[in-house]
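Have a look at the structure below before the remarks.
The values are calculated or read from the model by the stated rules, or taken from the named source; none is laboratory data. If you're wondering where the values come from, they're calculated on a predicted model, not measured in any experiment. Glycine also receives a Cβ, built like all others from the backbone with ideal geometry; neighbour counts cover every protein chain displayed.
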């Protein structure tokens, strides 16, 4: 079977969705199908150009293709008799961001018209799809709310679970992922000042701006935590990320109101590590059953400090929670096998 | 591109991208799907036209038609062929549609649209003089030749020359493998023939085998109807006596000619093979003969009998690629100038 995976592209931009598309193609090939990635350029600025691009995508032909899996607006407007959608998100500028007054369409005299055109085209496209999946309950809820289209949630599995095999703990708490305000690494450092002196913290990941590392370093010095907090702020290889997770005692991930379960939390669970998160971390909470496989702290230095102390006080207990973490995660069945069964059905 | 169809037109994009990256540039490949169904032609041209890469990239290098319809203030075209059925093949037996009024007006509209889109380009290069001539004749557009090289990491194997005339290419009526089978039947020496490559469809591969059987030459011809890996290809060519390449009025000298040059094997071709003749000269670095079984048979026998001369011509072909300046340095210097 020839399966075409379609995604948008903006030249020289690369992120999670791009990585997922590449992995999806690779996994379909491993199943013995032919798979290819189609990346169509799309620009949303100026918004007046969006309509023409929608028409363009609608006008393209896909010869020699048995299946189409489309990931985003507007590539899912492609015409194909067997189209599945795995929606990573809608064009939010035309929906919830518009309602929230946070869309560039508000600045255009044609904004309303455009929004309606997008909703109409979306409706038609969802309707003609063989199946509609989304990556999260939030995306599904929005799809139902705005387009009245039912969808099943297929959470994206880890791209490289084999790198998170777990292993002996070196006793530190690992905080991975992008380093930026919304991921609140600063709060973790503040929490260290309230945690027992045995707690060690490793923060590793690419900073979003040069300001982030400076702020973290300053805070560490202010609080005198140089001996207990290790910073490794750069784009690490996936193997290095795996190493950090595998050798940790537990993992902390406290983004603010994340849509998804969070790759960092999923990696921690795959590696068999207990997870520390906060009450306001959104989808990440779905990875943690307090007391069983981790801690859901208040987003305060005191509460987080207490959770980190608890994790460090009894390593044997924390290791057991780590095993529970892996079992709980495995039970969710978020695997490429299952994902492909659905996407290719 | 056509989904799931690889080959020359994609290779040139991949190789060029690799060479640009090796020289420190940032590169994104944009491959847009395209169907050659005549009724879908103009909606697709409009779609390509709606893609605006202004500000997103510093330079857009457009290769296969109709990629040059995209919008960018600094658009450089490395033109490798027209949508030929609407151009030079229109008056030939290879035209893919009937000559109706609507088809003719579509043809004329495409030619006008091509001329306009190409006219926006800041530079236009072609992959051969043949294509450059067509561009001048049909679109009134001047161009500069930039010969496409093989990838830098193309591995040429080293082997003593064998007894076979070897043709590694898609098995296809327009590549005329059947003519070589017919020629083989007229040879008087023990020269052999190897035809390797995936049949494009329509049972041409099966036909070639039957044809060989009917002519009583099955013993001396190998028809290997399948996709051939680069390693196998380079091995087959290295072990050959000479390489055959006789497409009908090809756009360029073709990668098989360059692969022959890498292995220092001469090329056997025909007087009507188009761009191949920009590289291959009769008696110098290969044989160029009339496209008949008789002429090809005589050339095959001579290549087989005068082995020393054959080897000399093979080495001369390798020298010719250097003389023509077939290198990535030349290509990239041109495209970025």
Check: Failed condition for residue B:29, given (1) touching a helix residue (DSSP H, G or I) at 6+ places or on another chain (Cβ under 7 Å); (2) assigned to a loop (DSSP other than H, G, I, E, B); (3) within 24 Å of residue B:97 (Cα to Cα), with all others met?
Finding: (3)
Margin query: Tell me yes or no: at least one residue of region A:218-239 is in contact (Cβ under 8 Å) with a residue 60 or more places away in the chain, touching a strand residue (DSSP E or B) at 6+ places or on another chain (Cβ under 9 Å) and assigned by TED's automatic domain parsing to the domain that holds residue A:324.
Written below: no
Next item on the list: Within region B:1-26, work out how many residues are assigned to a loop (DSSP other than H, G, I, E, B), closer than 21 Å to residue B:168 by Cβ and away from chain A (no Cβ under 11 Å).
Entry: 1
Next item on the list: Just give me the residues in region A:195-214 being touching a helix residue (DSSP H, G or I) at 6+ places or on another chain (Cβ under 7 Å) and surrounded by fewer than 17 Cβ atoms within 10 Å (Cβ to Cβ), in sequence order.
Entry: A:196, A:198
Next item on the list: Name every residue in region A:129-145 that is in a helix (DSSP H, G or I) and surrounded by 13 or more Cβ atoms within 10 Å (Cβ to Cβ), in order of residue number.
Entry: A:137, A:138, A:139, A:140, A:141, A:142, A:143, A:144
Note to self: Looking only at residues that are more than 7 Å from chain A (Cβ to nearest Cβ) and closer than 19 Å to residue A:9 by Cα in region B:35-51, which one is surrounded by the fewest Cβ atoms within 10 Å (Cβ to Cβ)?
What the structure shows: B:49
Margin query: residue B:96 - would you say it is more than 10 Å from every other protein chain (Cβ to nearest Cβ), within 26 Å of residue B:170 (Cβ to Cβ) and either modelled with pLDDT under 95 or more than 19 Å from the chain's Cα centre (by Cα) (or both)?
Written below: yes
Item checked: Any hit, region A:170-178, residues being surrounded by fewer than 17 Cβ atoms within 10 Å (Cβ to Cβ), closer than 19 Å to residue A:241 by Cβ and in contact with a helix residue (DSSP H, G or I) (Cβ under 8 Å, 6 or more places away or on another chain) -> yes
Check: Do we find that residue A:148 is outside the structural domain of residue A:272 (by TED's automatic domain parsing) and over 22 Å from the mean Cα position of the chain (by Cα) in this structure?
Finding: yes
Item checked: Which numbered condition residue A:189 misses (of (1) farther than 16 Å from residue A:267 by Cβ; (2) touching a residue at least 24 places away in the same chain (Cβ under 8 Å); (3) in contact with a helix residue (DSSP H, G or I) (Cβ under 7 Å, 6 or more places away or on another chain); (4) not in a helix (DSSP H, G or I)) -> (4)
Next item on the list: Consider residue B:126 carefully, then state whether it is crowded, with 20+ Cβ neighbours inside 10 Å, under 21 Å from residue B:248 (Cα atoms) and within 18 Å of the chain's Cα centre (by Cα).
Entry: yes
Next item on the list: Please work out if residue B:146 is without any contact (Cβ under 8 Å) to a residue 60 or more places away in the chain and either buried (at least 17 other Cβ atoms within 10 Å of the Cβ) or within 25 Å of residue B:19 (Cβ to Cβ) (or both).
Entry: no
Next item on the list: Kindly establish whether residue A:74 is surrounded by fewer than 17 Cβ atoms within 10 Å (Cβ to Cβ) and in contact with a helix residue (DSSP H, G or I) (Cβ under 7 Å, 6 or more places away or on another chain).
Entry: no
Check: Which residues, taken from region B:250-269, are more than 10 Å from the chain's Cα centre (by Cα) and either touching a residue at least 40 places away in the same chain (Cβ under 8 Å) or surrounded by fewer than 24 Cβ atoms within 10 Å (Cβ to Cβ) (or both)?
Finding: B:258, B:259, B:260, B:261, B:262, B:263, B:264, B:265, B:266, B:267, B:268
Check: What helices (runs of 4 or more DSSP H) completely inside region A:1-118 contain at least 3 residues that are within 13 Å of another protein chain (Cβ to nearest Cβ) and at negative phi?
Finding: A:16-30, A:50-59
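Just to check your reading of the model, which residue among B:174, B:188 is in contact (Cβ under 8 Å) with a residue 40 or more places away in the chain, surrounded by fewer than 21 Cβ atoms within 10 Å (Cβ to Cβ) and over 29 Å from residue B:147 (Cβ atoms)?
That would be B:188, the only listed residue that is in contact (Cβ under 8 Å) with a residue 40 or more places away in the chain, surrounded by fewer than 21 Cβ atoms within 10 Å (Cβ to Cβ) and over 29 Å from residue B:147 (Cβ atoms).
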Item checked: Members of region B:52-81 found to be in contact with a helix residue (DSSP H, G or I) (Cβ under 9 Å, 6 or more places away or on another chain), in a loop (DSSP other than H, G, I, E, B) and more than 10 Å from chain A (Cβ to nearest Cβ), listed by number -> B:59, B:63, B:64, B:65, B:66, B:80, B:81
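Tell me which residues, restricted to region A:274-300, are part of a loop (DSSP other than H, G, I, E, B) and within 19 Å of the chain's Cα centre (by Cα).
A:279, A:280, A:281, A:288
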Note to self: If I filter region B:302-312 for residues that are farther than 25 Å from residue B:188 by Cα, assigned to a helix (DSSP H, G or I) and over 17 Å from the mean Cα position of the chain (by Cα), do I get at least one hit?
What the structure shows: no
Margin query: Of everything in region B:221-267, what is more than 13 Å from residue B:194 (Cα to Cα) and in a strand (DSSP E or B)? Give them in sequence order.
Written below: B:250, B:267
